[in-house]
Every structure is written in structure tokens, then in C-alpha cells.
Amino acid sequence: MRRTAITAAVAALALTTGCGAADMTKQASPFANARGAKTVTLSVQSWVGAQADAAVAQYILEHKLGYRVDTVQVDEVPAWDALSQGRVDALLEDWGHPEQEERYVRRKGTVVSGGGLGVTGHIGWFVPTYLAKRHPDVTDWRNLDKYAPLFRTAESGGKGQLMDGSPSYVTNDKALVKNLGLDYQVVFAGSEAAQITQIKRFAKEKKPFLTYWYAPQWLFEKVPMTEVRLPPHKEGCDADPDKVACGYPHTPLKKYLNADFAKSGGAAAAFLKKFRWTTEDQNEVSLMIAEQKLSPAEAAKKWVDSHPSVWKKWLS
């Protein structure tokens, strides 16, 4: 349900990096939707995968197409408002917001699809693989209450802890816990970075944990995790957020553009529509930013230098 761009402001954001961030829509770039100006403003979400998207897109826009690029950190839902209002020109990684899509794409026509990102996202509940090997039945949600004592923490009030990231991320977890009758408490770490820190600490000590997590995400390479099987997702099963009792779908991640920018954005708009890469590509850049501690600019340059056959297609 979970990032960094290259400007100094968003490079600082990398220090606080899922699927949330402070609402910065009121501080959007004055260059967004500026007709005739060779500038682009990108919305950047707080999780590192979205930061990787923005870093590479910004690098190519600046170094290959000669644009000035500004970035604005916006939560998932407010990003749609900013996009509709022209405060930002493009949102590169949306995890599925049908209400906003209906309002802004179908009814108002102020936002248009920019095509698929090429990456399929999936949110789920995960346990460390070392725990799943010791207790294979923990990967079935119907057995979770049996293991609730293993997952208790000081923050979970005597119940098992289900660790989430930011409340701003796409999450049905509180409703799921309630509607599945589970003896668990959803505890928010506050951000992707804080959640990663906790997961790493648990893993280092080989402690049990149950966490909301998502793919693609570079952390799987460092901390192997196994998904807990929730009730299967079916079309419409999550239509009422208070009654959700099913797992999360597999969501092809999409890009969206401000409608005016899509028409008058020239080479930048054309490039962003063609921007499409793989999970492996995104994870490669994410890992450089989050684990190898390269700046987003350095990570983007390194990826661009080593993958010309991929990005040159976006400029043709």
C-alpha cells in the first residue's frame, strides 16, 4: 500500500521515507501547468518506489529533454486534487483510487490516464519467512488468533500487533481485523522508513512479526517475508470500506496527467506517457536510494547510464 525526487527539498524527504506524506498541495510549484514554460511539476509520494519513478523521470526530463523539473510531496488522495487543479502536472504511481478516478477522469475531465507504469502492485499481510518455516500454518488467516500471543507488543494492548505504515496509505486493515473477528490491534509505525526500521530490528533478533507490506519493495531482498493468505479478493468485495472482509487485489499501477498538461505539455507529456519500466528496474533504483544510500540523482544517473535500451524508447 508504499518517495524521493532529485531536488533538495525532496532529497530531504528521502530521510523520512509504502504507500503517505504531509499535504503539500498548498505549496505546489508555481510552474505547474504554466503554458509555454519548459517546466514540469511531478507529484511524489513518500514510498521509495514512487521516489525511484520520479528520480528517473526527472533525470531524463532535465538531462535529455532540457526541462526544469519541480517536485511536490503530496499524500495519495490530495495528489488527485492537486493534479486536477493543475498544481502538479503528473502523478507517476497510483495504487488505485476509484472514487478519484470517477470524479476527475470520468466526470470532470480534468485528469487523464497516462497509461500503465509497467509495475503491478500488491498489498498484503506478511510474516518473516523464518517464522513461516517454523509454523507453516501461520500463513492462513484463520490460524492467526492461535499465534496472537507471539505478536503482542507494548503498543498492541494485549492483542496481537498488525504493524501498518502510515494511516495515509491505501489500507483496509482496521476493517479486516474487525470483520474477520481477529484478536489483533493495528499499530501504525507512521511512515515507510519507520516501518522498515522496525521490521529490520525484528528480523535481526529473529522475532515474530505480522506486518502490512507491499510489492514491489526492495526490502524483500534483505528480509524475506511470506504472505498470509487472506480471504480471496473478488470484484466489489472492498466497495464498502467498513465491511471489507477480503484480501487486497493485484493492481497494475497507473500514471495520471493533468488534462491541460497532457494536451500542451509537448515532449515532456509525450515522454511521461511512454515512461514504463519493470518491477526489477524500480527495485534496482529503490535499493540504491534506500539501502546503498545514493542520492536520488546519483541512483537515477547510474540507472540511466546502464539501461539506455530501456529509456531511449521513451523518447522516440
Ala154: passes all of (1) in a loop (DSSP other than H, G, I, E, B); (2) open to solvent by less than 10 Å² (accessible area, probe 1.4 Å); (3) of a type outside the set (D, E, K, R) but (2)
Considering residues that are under 25 Å from Ala79 (Cα atoms), open to solvent by less than 10 Å² (accessible area, probe 1.4 Å) and modelled with pLDDT of 95 or more, the number found within region 164-192 is 2
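For the condition within 30 Å of Gln161 (Cβ to Cβ) and among the small types (Gly, Ala, Ser), what is the one hit in Ala259, Ala245? So that I can check it myself, show each step before the final result.
On the way: Ala259 fails: within 30 Å of Gln161 (Cβ to Cβ).
Testing whether each residue is within 30 Å of Gln161 (Cβ to Cβ) and among the small types (Gly, Ala, Ser) leaves just Ala245.
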Per the filter on region 108-151, residues within 25 Å of Pro78 (Cβ to Cβ) and in a loop (DSSP other than H, G, I, E, B) are Gly109, Thr110
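For Ala55, indicate whether it is open to solvent by less than 50 Å² (accessible area, probe 1.4 Å), part of a helix (DSSP H, G or I) and modelled with pLDDT of 95 or more. It would help to see each step written out before you state the result.
Values: open to solvent by less than 50 Å² (accessible area, probe 1.4 Å): yes; part of a helix (DSSP H, G or I): yes; modelled with pLDDT of 95 or more: yes.
Yes.
Quick grid of which residues meet (1) open to solvent by less than 10 Å² (accessible area, probe 1.4 Å); (2) out of contact with any helix residue (DSSP H, G or I) (no Cβ under 6 Å at 6 or more places or on another chain); (3) closer than 18 Å to Gly96 by Cβ:
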{"site": "Glu235", "(1), (2), (3)": "no, yes, yes"}
{"site": "Tyr248", "(1), (2), (3)": "no, yes, yes"}
{"site": "Lys255", "(1), (2), (3)": "yes, yes, yes"}
{"site": "Asn258", "(1), (2), (3)": "yes, no, no"}
{"site": "Trp277", "(1), (2), (3)": "yes, yes, no"}
{"site": "Asn283", "(1), (2), (3)": "no, no, no"}
{"site": "Ala299", "(1), (2), (3)": "yes, no, no"}
{"site": "His307", "(1), (2), (3)": "no, yes, no"}
{"site": "Ser316", "(1), (2), (3)": "no, yes, no"}
Of those in region 58-71 that are not acidic (Asp, Glu) and not in a helix (DSSP H, G or I), the residue farthest from Ser316 (Cα to Cα) is Thr71
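Looking only at strands (runs of 3 or more DSSP E) that fall completely inside region 198-316, which ones have 2 or more residues that are of a type in the set (Val, Ile, Thr)?
Working: elements: 210-215, 225-228, 250-258.
Strands (runs of 3 or more DSSP E) meeting the threshold: 225-228.
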Looking across region 75-101 at residues that are part of a helix (DSSP H, G or I), modelled with pLDDT under 95 and among the acidic types (Asp, Glu), the single one that is most open to solvent (accessible area, probe 1.4 Å) is Glu99
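The values are calculated or read from the model by the stated rules, or taken from the named source; none is laboratory data. Keep in mind it's a predicted model, so treat the numbers as computed, not measured. We place every Cβ from the backbone using ideal geometry, glycine too, and count neighbours over all the protein chains shown. Areas reflect the complete protein model, heavy atoms only, side chains present, ligands, DNA and RNA absent. Shrake-Rupley method; radii C 1.70, N 1.55, O 1.52, S 1.80 Å.
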